[in-house]
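Notes follow once the structure below has been shown.
The values are calculated or read from the model by the stated rules, or taken from the named source; none is laboratory data. Treat the numbers as computed from the prediction; the structure is a model and nothing was measured. Quick reminder, even Gly has a Cβ in these numbers, built from the backbone with ideal geometry, and neighbours come from all protein chains shown.
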Amino acid sequence: MCAPFSVPNASTGWDGVAGAEELCAHAPIASAATSTTKEVLMRYVGSVPVIHQRNRVDAFAVTAPGLEAICAGEAVALGVRPTVGEGGVAWRGSMESVARANLWLRTASRVLVRVAEFKASAFFELELAARRLAWNRFLAPGSTVRFRVTCKKSKLYHSDAVAQRLADAVTRCVPGVKVVTSKSPDEVGDEGGGDAEQEQLFVVRLFHDVCTVSADTSGALLHRRGYRQQLAKAPLRETIAAAMLLGAGWPGDVPLVDPMCGSGTIPIEAARIARRLAPGRDRDFSFRAWPEFDGSTWARLVDEARSGELPRAAAPIAASDRDAGAIAAARANAARAGVENDVSFTVAPISALEPPHGEGWLISNPPYGVRVGERDRLRNLYAQLGNVARAKLLGWTVGFLLADRRLESQMGLELRERFATRNGGIPVRMMVGAISESASG
């Protein structure tokens, strides 16, 4: 037997993020990047219907480190009042707000909802509480379940034993449930399992003997938009590409170029932002299989999103790369993303860059030079980037995702940091600057 289980609210964090116990405390979301992001998103998401607050849940959008403020700007544009914490953005709202977050958030990795919190300093306490949870709210008979457990500063420190007790509670509550062994901890860089769309993940955290159980609403990580099937070298994750554009403040209606586009993630994300294409419109989510979720709500949200789409990008988006194979992959990805007519792809070196007339933006992800011997080879590339910017991009804004300050100095440009995060495990900074007469002198 399982029944609804309510407990006092406790602040024990989400998804095993260190320091996240303060997430429920109010925190400011204002920053230069966030303010700009909100302005852009309010323009390119369009009007959002009022979210009804019936059956409210505690939700948390997990992000890569450093992207929290940008994601908060997105959440504000969607009509929720978020609280920023380490590792993501929290809010209290309806399941419709959770569905809308999955549909629209471009910089989040996944969205969780809190199932319960309870004290558990011994296994009998864990077992008793787990058997009282309403697992059947999230699982239909015959579902496949995965638990991801972390234990810190608690008497119950064996994560597999905790997962086993929870699995026993689930199988008692929901007929025919299959529990599968958990993979590695869900870090932002984790690609997840190949069956993530069919499994219901529960994220469990024991911290100071308080157990927090959260249900994953997303399934596959949210960067999986469904279009990037062909990759070039060192592919850039879609969530980071979107963060580069939103965090830099690209307004969406001025020209954008990427002279090192690789498999095209930055220009494709730019085109989808410019045309107001919801990033989650072409994929599935775990919450849609929940017994209590009304499928008509999702259909309505998708219809609303599609009705607000623009037929084409308002300004030119140009992408180039000297690697013909990368350009072929980028064209194929753009076609799957539905923006093949919004981005012009060219096989060309950086020196051949021909930007559109007038002012615009250059946003790019140059090689990082982290391998032994790479820095010397890349010095000329970075110097060339600076020379091309000064010679051809007067009045433009440039933004680069950079990992090496010495290579950055080779460009000779005045750049300011918008955010810092990690890409493929490498610490990187988003650096933005304007190309003025003084820079060109």
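Being over 30 Å from L245 (Cα atoms), touching a residue at least 12 places away in the same chain (Cβ under 8 Å) and in contact with a strand residue (DSSP E or B) (Cβ under 7 Å, 6 or more places away or on another chain) is true for just one of L112, L126. Which residue is that?
L126
Among the listed residues R165, R205, R228, which satisfies the condition of being out of contact with any Cys (no Cβ under 9 Å at 6 or more places or on another chain), modelled with pLDDT of 95 or more and basic (K, R)?
Exactly one of R165, R205, R228 is out of contact with any Cys (no Cβ under 9 Å at 6 or more places or on another chain), modelled with pLDDT of 95 or more and basic (K, R), namely R165.
What are the residues in the stretch 401-438 that are part of a loop (DSSP other than H, G, I, E, B) and more than 19 Å from the chain's Cα centre (by Cα), if any?
A403, D404, G412, L413, E414, L415, I435, S436
Go over the candidates D303, D284 one by one and state the one that is of a type outside the set (V, I, T) and in a loop (DSSP other than H, G, I, E, B).
D284
Against the condition modelled with pLDDT of 95 or more, assigned to a loop (DSSP other than H, G, I, E, B), buried (at least 17 other Cβ atoms within 10 Å of the Cβ) and of a type in the set (A, V, I, L, M, F, W, C), how does V339 come out, does it pass?
yes
Which condition number does A383 fail, the rest of (1) over 25 Å from the mean Cα position of the chain (by Cα); (2) small (G, A, S); (3) assigned to a strand (DSSP E or B) being met?
(3)
In the stretch 361-380, which residue that is surrounded by fewer than 18 Cβ atoms within 10 Å (Cβ to Cβ) and β-branched (V, I, T) is nearest to the chain's Cα centre (by Cα)?
Restricting to residues being surrounded by fewer than 18 Cβ atoms within 10 Å (Cβ to Cβ) and β-branched (V, I, T), the top hit is V370.
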